Every structure is written in structure tokens, then in C-alpha cells.
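Have a look at the structure below, then the notes.
The values are calculated or read from the model by the stated rules, or taken from the named source; none is laboratory data. Everything quoted here is computed from the prediction, not taken from an experiment. All Cβ positions, even for glycine, are placed from backbone atoms using ideal geometry, and neighbour counts span all protein chains on display. Keep in mind that these areas ignore ligands, DNA and RNA; they rest on the heavy atoms of the full protein, side chains included. Shrake-Rupley method; radii C 1.70, N 1.55, O 1.52, S 1.80 Å.
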Amino acid sequence: MIEILLAHVQIIWDMSALLKDRVWVMLSEVAKRGVYPLHGSRLGIFRIPVEITEHSDTSAIINSLKSSGFKVDSYADRIYVTDRWIETGVDAITQKDVEANLEITVEIVTGDVIDIIYQIKPVEYFGDHYWIKNYRQKTDNRAKIIIDTIIWNSKIGDKLLDHYKKSQKLSTEDSIKKLDELTPLKKKPVSRDPALAQDAKSQENLSQPKVQTDTPSIAPPPQAPPAMTGGDTTISLTGTGDSYSKVEGPIDPEFKSKRQVTGAFQGIKVWGPVDPPGQLGIWGTEVTVDFDICVADGACIEACPVNVYEWLDTPGHPASEKKPFMIREKDCIFCMACENVCPPQCVKIFQKGQ
């Protein structure tokens, strides 16, 4: 029993950095999403917390992986990525040079989350190649290279970056660094310029052709300029205002009749008083957030179906040092989702003209 446990520990230890947060890695004859007859083969099942449901997303993934040098096929909700290679050696009996055509396929199961599956078949599947040494180790490593390449080079990586920014409140640069550390074995890595990786939607516009549809798209426009560089910015996030304590919610729904607009930040109106970094006022016209109440839990960002918000650094503020900035306020569809999920009740949505 001890030897079996040690063997499983060694399996997990040998994985690349990408595989440390997986659902499970197992030796089994069955697996979720159906029955897979393994015949003693090793099966890896890993989950990535991103959604791929659109045909355009699937096409983008296929195109990016073909350019990485893999054979790519698809069927229904699945993408199959295959790496083929020739193993060479010397027959121990005849002392003749020999070779074997081998392959490993990684399966991407698309949907609300991404499942990545790979199966290492017994070497006997490819023939009587008893002379091959360390077959499973070599094949497992190639599967990891495919997985790391899938994550870094494709649309899945774009969406994972966006997930890091929303769920872990990471900056674009830190999100890219985390993705880089997560995929050390990636092949032919594409460039990920932080200026081009603000969110998954902007990456979609840059990395794939536009798909013509019969209905208008609600995808957000390209990312706004970085903080403090765009037009209509008169509010600073730095200063000496440090004498203010955390303010309790909810937001005052009548603030527009009680406060004055003291400036703007990248075109978004800011209602005073403002004395940064300790007091930042209420931001927005239709999508409004009291920055002095906001605790940056991220519920509004997760709830918004059209990506109105992005994180804005507010260092030195007593409630939180990040705020959900309504940079795409004009895209709001007034679903009220963000207002309804906000724990400190610092969000208020106004219909146009109110």
C-alpha cells in the first residue's frame, strides 16, 4: 500500500506547473463524460475554468493550434490535438537501427468549462517495439507540451487571463506572468503584449477574422486607453487625502441631487467630494459605484454579461485598493445584475435620462 501511495505522489510531482490545480489524475477504466476503455493506460483529466461555447471561439482555437505544428481535428463539442513523432533506437538482438511511429492525442471538451483529457496507450498499440525505453515518460511529457501550448497560444489562454483579472484581482501584467509560469512547456509561444491582452474580447478582435451574423453583437468595443492617459481625465487617484475612514453602504440613490460633478476619469463622470487617495466619491452616470463604499469583492464584474467593468488600481484607499471601473458604461443593458449582487450595496443603475 505504501508503495502504491508513493507511486501516485511521484505521478503528481512529475507534472508540469500547469497540472498542479487539476481535478484529478488517475489510473482507472472509467472516467466522467463517458466510459473510456483504457486497458491499463494512464488517463489525465484536467479542468480549466473558462467557457468556450461559440463556434467562432472553437475555430480560433483550431487555427492557433495548427500554426503550432500539431494535427488538429474536431467533432461536435470536442477538439483533438495530436503530436506525432518517430522514435529511433537499436534492436538489442539484431543490432540493427529501428524506428517507430508514435503519437499522443489531447482532447479538449468545450462547454461552460474546459476539460482537457489525454490517454497514454500501451506501446503495444503501435507494434512490437519492446526496444523503446521510457515510453510512458516521454509520451506524458509530450502531452504536457500540447496542454501548455493549448493554454498559452489559443483563445483558452485569452479567457484564462480574463478569469485571473476578475477572480483574483490581478493586473494584466501579473495575469500574463501567472499564465507564463503555468505553461513552462509551451511550444512556439505567441507574443502576449500586455497592451493587447486587456480582456478576452479585445483579443478576439485581434486574433481572428470577424464572423458575420444576422443579429447585432453585444461584444464590448476595444479596450480603453490605460489609466490617466485618455481624454476627459481631470481626476487623479493620488494625493494626500488620508484622513477618511471606510464608509458603510448602501449608496445614496439620490446622490445626483445632493452632489456635484467634480471631474472625469477617461470620460466617466465623478461626483464629489474627492480627496484622493482617501476619498474618491461616486463614479458613473448610468452605471454608478460609490468608490468609498466598494470593498472590491468582484461580484459585479463576474455578474455583468457585457463586460462593463474592469479593475482599476486605487492604492491607499481605506475600503479597498482596487475598484470596478465602468469603462464600458455605454454598453450597459440595464439588467441590474451588478446592483443585485453587490454585498456592500455600493452600485446603483440608472436608466438613460434619469
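Per-residue answers, yes or no, for (1) in contact (Cβ under 8 Å) with a residue 24 or more places away in the chain; (2) surrounded by fewer than 21 Cβ atoms within 10 Å (Cβ to Cβ):
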{"position": "K258", "(1), (2)": "no, yes"}
{"position": "T262", "(1), (2)": "yes, yes"}
{"position": "G284", "(1), (2)": "yes, no"}
{"position": "A299", "(1), (2)": "yes, yes"}
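Only one entry in I104, I147 is within 30 Å of E302 (Cβ to Cβ) and at pLDDT 90 or above, namely I147.
If you go through segment 292-330 and keep only what is out of contact with any Gly (no Cβ under 7 Å at 6 or more places or on another chain), assigned to a helix (DSSP H, G or I) and either acidic (D, E) or under 17 Å from Q345 (Cβ atoms) (or both), you end up with A299, C300, I301, E302, A303. The set of residues from segment 100-113 being exposed (fewer than 12 other Cβ atoms within 10 Å of the Cβ) and over 17 Å from G127 (Cα atoms) comprises just one member, D112. If you check P273, P315 for being under 20 Å from G241 (Cα atoms), in contact (Cβ under 8 Å) with a residue 60 or more places away in the chain and open to solvent by 50 Å² or more (accessible area, probe 1.4 Å), only one passes: P315. With the structure loaded, tell me whether N63 is within 27 Å of N153 (Cα to Cα) and not small (G, A, S) or whether it fails that test. Answer is yes for this residue. For segment 99-112, does any single residue satisfy the condition of being touching a residue at least 60 places away in the same chain (Cβ under 8 Å) and out of contact with any strand residue (DSSP E or B) (no Cβ under 8 Å at 6 or more places or on another chain)? Yes, the conditions are met somewhere in segment 99-112. If you check G44, G34 for being modelled with pLDDT under 50, open to solvent by less than 90 Å² (accessible area, probe 1.4 Å) and not hydrophobic (A, V, I, L, M, F, W, C), only one passes: G34.
Within segment 100-129, the set of residues being in contact with a helix residue (DSSP H, G or I) (Cβ under 8 Å, 6 or more places away or on another chain), of a type outside the set (V, I, T) and in a loop (DSSP other than H, G, I, E, B) comprises H129 only. If a residue must be open to solvent by 60 Å² or more (accessible area, probe 1.4 Å) and in a loop (DSSP other than H, G, I, E, B), how many such residues does segment 337-354 contain? Adding up the residues that qualify gives 6. Among the residues of segment 72-99, the ones that are open to solvent by 80 Å² or more (accessible area, probe 1.4 Å) and not in a loop (DSSP other than H, G, I, E, B) come to 6 in all. Can you spot a residue in segment 65-75 that is modelled with pLDDT under 50, among the basic types (K, R) and closer than 27 Å to L161 by Cβ? The answer is no, given that none of the residues of segment 65-75 is modelled with pLDDT under 50, among the basic types (K, R) and closer than 27 Å to L161 by Cβ. Filtering P250, P222 for residues that are assigned to a loop (DSSP other than H, G, I, E, B), open to solvent by 50 Å² or more (accessible area, probe 1.4 Å) and modelled with pLDDT under 50 leaves a single hit, P222.
Residues that are of a type in the set (A, V, I, L, M) and surrounded by fewer than 21 Cβ atoms within 10 Å (Cβ to Cβ) do occur in segment 319-335, at least one of them. If you check T88, T110 for being more than 23 Å from I150 (Cβ to Cβ) and either modelled with pLDDT of 90 or more or within 29 Å of the chain's Cα centre (by Cα) (or both), only one passes: T88. Based on what the data block shows, is D193 modelled with pLDDT under 90, surrounded by 13 or more Cβ atoms within 10 Å (Cβ to Cβ) and under 28 Å from D174 (Cβ atoms)? Answer is no for this residue. Taken over segment 141-164, the residue count meeting the criterion of being open to solvent by 10 Å² or more (accessible area, probe 1.4 Å) and either assigned to a loop (DSSP other than H, G, I, E, B) or farther than 26 Å from T58 by Cβ (or both) is 1.
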